[in-house]
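Below: the structure, in structure tokens.
The values are calculated or read from the model by the stated rules, or taken from the named source; none is laboratory data. Quick caveat, the model's predicted, so the values are computed rather than measured. So basically every Cβ, Gly included, is an ideal-geometry build from the backbone, and we count neighbours across all protein chains shown.
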């Protein structure tokens, strides 16, 4: 039998201290008003012997043993004033409101971090990072990813390792395209816009989640019949199922492969563009170098400069052409105007 333990004394003490701190935090305005709000009154020292002892202004006659004169007595309120109660209500409202906003902000940041930071996992390709995928139709309007249903959110934790690898490759390709200089400067005539890439990412993630679910269900059924060797009918069914899964995987991998090819050409165009900019910047110094030579040597230097710049421009132009060609396979029928949006 399992034993049930009693709560430790440490937990009880912590609870008592926490309760005391809560009471002090919520009730300090009442304590302050009760402590500092006072009342003063004038007394006849001879007639009010009890108050005369502590009153200011009373004179004690040692011969008669009596007080004489007029004194002032200061006493605190026995009850808390209306102003104290109003201040207390306002204080509690501000405190509770602030804590509520802080809790909501913390929950939102935590849920957003789960989407933006992604999950690092080990695969045959080494450590990779895969992110949760949100339905692109909601991506601009969502407030709390944790509240989204499975119809609008694919969590990376719901994918098996092979699915995570494929999705991570797609997401890396998208990142390479969207962070490139040639994409940001609209130098690609047939640039695949972010909405199109996000739709591909969403479709791939949904398909991979479905494949993972089917694989898990298939494995569960096979484990339930693990006591006997599969017969010819079972083998036939398994073979057909595996073929269907492989067909779907081939389609997914072809889409991801096209995304990676497009990203590689965009990166190459980026490198060529940076090389061209660097060469153009350096060429500004050529006039100073021509001063070091004379006659035909100067002409040869100018000729070499023109030839080099022409070759660099041609490399950049060809890399852009390759990127534009690679983009064709990623366009969907309804996304021809995505770049204009």
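For the reader, a short list of remarks on this structure follows.
- Any hit, segment 119-134, residues being within 21 Å of residue 201 (Cα to Cα), at pLDDT 75 or above and part of a loop (DSSP other than H, G, I, E, B): yes
- Residue 139 vs. criteria closer than 30 Å to residue 273 by Cα, surrounded by 14 or more Cβ atoms within 10 Å (Cβ to Cβ) and at pLDDT below 80: no
- Among (1) over 30 Å from residue 212 (Cα atoms); (2) modelled with pLDDT under 85 - the single one residue 232 does not satisfy: (1)
Every residue, every condition in (1) out of contact with any strand residue (DSSP E or B) (no Cβ under 6 Å at 6 or more places or on another chain); (2) at pLDDT below 75; (3) under 30 Å from residue 198 (Cβ atoms); (4) not in a helix (DSSP H, G or I), yes or no:
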site	(1), (2), (3), (4)
248	yes, no, yes, no
254	yes, no, yes, no
292	yes, yes, no, yes
320	yes, yes, yes, no
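- Condition check for residue 262: over 28 Å from residue 151 (Cα atoms), assigned to a helix (DSSP H, G or I) and under 25 Å from the mean Cα position of the chain (by Cα): no
- Residues being surrounded by fewer than 21 Cβ atoms within 10 Å (Cβ to Cβ) and part of a loop (DSSP other than H, G, I, E, B) - total across segment 152-185: 5
- Of the criteria (1) under 24 Å from the mean Cα position of the chain (by Cα); (2) part of a loop (DSSP other than H, G, I, E, B), which one residue 188 fails: (1)
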